[in-house]
Amino acid sequence: MAIATVNPATGETLQTFEELGPEEIERRLAAADSAFRRFRGLGLGERAALLNRAAELLEADQEDVARKVTTEMGKPLAAARAEAAKCVKAMRWYAAHAAELLSEERPAEADVRDSGAAAARVVHRPLGPVLAVMPWNFPLWQVIRFAAPALMAGNVGLLKHASNVPRTALYLEELFLRAGYPAGCFQTLLVGAAAVEGILRDPRIAAATLTGSESAGRSVAAVAGDEVKKTVLELGGSDPYVVLPSADIEQAARTAVTARAQNNGQSCIAAKRFIAHRDVYDDFAARFTGGMAALTVGDPMAESTDIGPLSTEKGRADLEELVEDAVRHGARTLCGGRRPPGLERGWFYEPTVLAGVTPRMRIHREEAFGPVAALYRVDDLDEALALANGTSFGLSSNVWTRDEAEQERCVRDMEAGGVYFNGMTASHPAFPFGGVKRSGYGRELSGYGIREFCNTTTVWYGP
């Protein structure tokens, strides 16, 4: 895939970029290694000042960078602004909380004496240069939610961004330099996927994090496993959205539209499978379908637009194939299911709700990366949980119920990295984020995220 900015609203190639050659990759690896040896010696206060400065700059750049993001991957401009603001919030949160999250731990005195020590403590030290392989769908947020904690912990970053968001990737490198970070602390590598293995195998790379497809995750995990290097993987998702009889159906349906259509439907944590109890199915289905059908599809730069284009032509073709397969095997299209009339240029697709989805259909098993929802009717909570868990993914989940017993049952039995009641899944810097099964492993955000790329070290003092 060429490294290029292609406007998905028009299909126009705006700029192409040369891939870095071996000599430049080597220079950047050496710079990262050298920067780490200096940067890890900075105190947490100095690191916090740098991160806060980067947050100030991003906040000032919000409008310009939002337009850059929308031009490269097609999300509505308002959503791009919100993404930039979310990054600013996370940077400030880590600047404020890193000292507490990384504070040394003191084992119980009785355990210290039992070990034969005069004293003992546990400290969290940085690992070194971390390779971040990041996707296009949240081209700012996916990077910052890695970079903010990693840099606060004393690591340095090398970003291999998706090949269709090079302008955003280069902006991020520039942002950290403008904030005063030493050269080499955060660098963008304009390289294709084929270059990742060689970079990851380099002994100067200490660890890797990847957000992306299951196939990309398998590839990085295999190489990192062979090299015995730490990885964090956040892969695909097919999150369930369960609606039970005690739910506020009007609110559940309204939130369901946002949960499915956010980011043009191109989000790992977007709700994708909508599972409604038979007692409320008809009401929920009618409200949800009406809400999806009412969304405005169009120019992502227009303030009135709810749904912009899909990010790539192939992405739209893949989504069309899933819908066509479902309809061919008996699914009913309650709304959408086609390219919107009058938007022939660009890669647009109508918000779509499919009812009568069965295991015969690919969309039952595969992730739909676009504004397409699969709707199911179930008889009880047992059936709802079986359906929710009947997938290879386990990123997050959404459950609408006021019944405390049902809530506790879902906490116990839902196979996912998150269970969100009476609302939709959303990431926040204070809460750990990640999945189970083929949605990946490890956690981002919160204290769990900042310590993923730390060497948790026992320090023992003899008597």
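The values are calculated or read from the model by the stated rules, or taken from the named source; none is laboratory data. Quantities reported herein were computed from a predicted structural model and do not represent experimental measurements. Methodologically, a virtual Cβ is constructed for each residue, glycine included, from the backbone with ideal geometry; neighbour enumeration extends over all protein chains shown.
When the test is whether a residue is under 30 Å from residue 14 (Cα atoms) and touching a Cys at 6+ places or on another chain (Cβ under 8 Å), residue 211 passes it. In summary, residue 253 fulfils each of the numbered conditions (1) surrounded by fewer than 23 Cβ atoms within 10 Å (Cβ to Cβ); (2) free of Cβ contacts under 8 Å to residues at least 60 places away in the same chain with the single exception of condition (1).
The residues of segment 187-232 that are under 18 Å from the mean Cα position of the chain (by Cα) and either in a loop (DSSP other than H, G, I, E, B) or in the same structural domain as residue 260 (by TED's automatic domain parsing) (or both), listed by number, are 212, 213.
So that you can scan it fast, the table gives a plain yes or no per residue for (1) closer than 29 Å to residue 155 by Cα; (2) surrounded by fewer than 16 Cβ atoms within 10 Å (Cβ to Cβ); (3) in the same structural domain as residue 137 (by TED's automatic domain parsing):
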position	(1), (2), (3)
20	yes, no, yes
28	yes, no, yes
31	yes, no, yes
36	yes, no, yes
39	yes, no, yes
43	yes, yes, yes
61	yes, no, yes
64	yes, yes, yes
67	no, yes, yes
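In segment 318-350, the qualifying residues are those that are of a type in the set (A, V, I, L, M) and within 13 Å of residue 372 (Cβ to Cβ), and the one that is nearest to the chain's Cα centre (by Cα) is 319. Name the residue that is surrounded by the most Cβ atoms within 10 Å (Cβ to Cβ), counting only residues in segment 256-300 that are polar (S, T, N, Q) and not in a helix (DSSP H, G or I). By that ranking, first place goes to 266.
Conditions (1) charged (D, E, K, R); (2) surrounded by fewer than 18 Cβ atoms within 10 Å (Cβ to Cβ), marked per residue:
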{"position": "307", "(1), (2)": "no, no"}
{"position": "349", "(1), (2)": "no, no"}
{"position": "353", "(1), (2)": "no, no"}
{"position": "366", "(1), (2)": "yes, no"}
{"position": "382", "(1), (2)": "yes, yes"}
{"position": "388", "(1), (2)": "no, no"}
{"position": "397", "(1), (2)": "no, no"}
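A quick yes/no check of all residues on (1) of a type in the set (D, E, K, R); (2) under 19 Å from residue 431 (Cα atoms); (3) buried (at least 24 other Cβ atoms within 10 Å of the Cβ); (4) free of Cβ contacts under 8 Å to residues at least 40 places away in the same chain:
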site	(1), (2), (3), (4)
133	no, no, yes, no
147	no, yes, yes, yes
155	no, no, yes, no
174	yes, no, no, yes
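Suppose the filter is in the same structural domain as residue 401 (by TED's automatic domain parsing) and in contact with an Asp or Glu (Cβ under 7 Å, 6 or more places away or on another chain); does residue 307 pass it? So residue 307 fails the test.
In segment 98-117 there is no residue that is modelled with pLDDT of 95 or more, within 30 Å of residue 304 (Cα to Cα) and touching a Leu at 6+ places or on another chain (Cβ under 8 Å).
The residues of segment 129-148 that are in a helix (DSSP H, G or I) and in contact with a strand residue (DSSP E or B) (Cβ under 8 Å, 6 or more places away or on another chain), listed by number, are 142, 143, 145, 146, 147.
Yes/no matrix, rows are residues, columns are (1) over 25 Å from the mean Cα position of the chain (by Cα); (2) in a helix (DSSP H, G or I):
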| site | (1), (2) |
| --- | --- |
| 55 | no, yes |
| 58 | no, yes |
| 88 | no, yes |
| 110 | yes, yes |
| 120 | yes, no |
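Condition check: crowded, with 19+ Cβ neighbours inside 10 Å, touching a residue at least 40 places away in the same chain (Cβ under 8 Å) and on the phi > 0 side of the Ramachandran plot. Does residue 445 satisfy that? Taking the combined requirement at face value, the residue satisfies it. Looking across segment 90-108, the residues that are surrounded by 15 or more Cβ atoms within 10 Å (Cβ to Cβ) and in a loop (DSSP other than H, G, I, E, B) come down to 102, 107.
Can you find a residue that is over 22 Å from residue 138 (Cα atoms) and at pLDDT 95 or above anywhere in segment 82-93? The answer is no, given that none of the residues of segment 82-93 is over 22 Å from residue 138 (Cα atoms) and at pLDDT 95 or above.
Within segment 328-350, residues that are over 23 Å from residue 301 (Cβ atoms) sit with their Cβ atoms under 8 Å from residues that are surrounded by 15 or more Cβ atoms within 10 Å (Cβ to Cβ) and acidic (Asp, Glu), at 6+ positions apart or across chains, in these pairs: 335/350; 337/350; 338/350.
Is it fair to say residue 353 is closer than 30 Å to residue 217 by Cα, in contact with a strand residue (DSSP E or B) (Cβ under 7 Å, 6 or more places away or on another chain), in contact (Cβ under 8 Å) with a residue 40 or more places away in the chain and of a type in the set (A, V, I, L, M, F, W, C)? So residue 353 passes the test. Residue 142 passes every criterion in (1) touching a Leu at 6+ places or on another chain (Cβ under 7 Å); (2) within 21 Å of residue 439 (Cβ to Cβ); (3) buried (at least 18 other Cβ atoms within 10 Å of the Cβ) apart from (1).
All conditions in (1) assigned to a helix (DSSP H, G or I); (2) touching a helix residue (DSSP H, G or I) at 6+ places or on another chain (Cβ under 6 Å) hold for residue 38, with the sole exception of (2).
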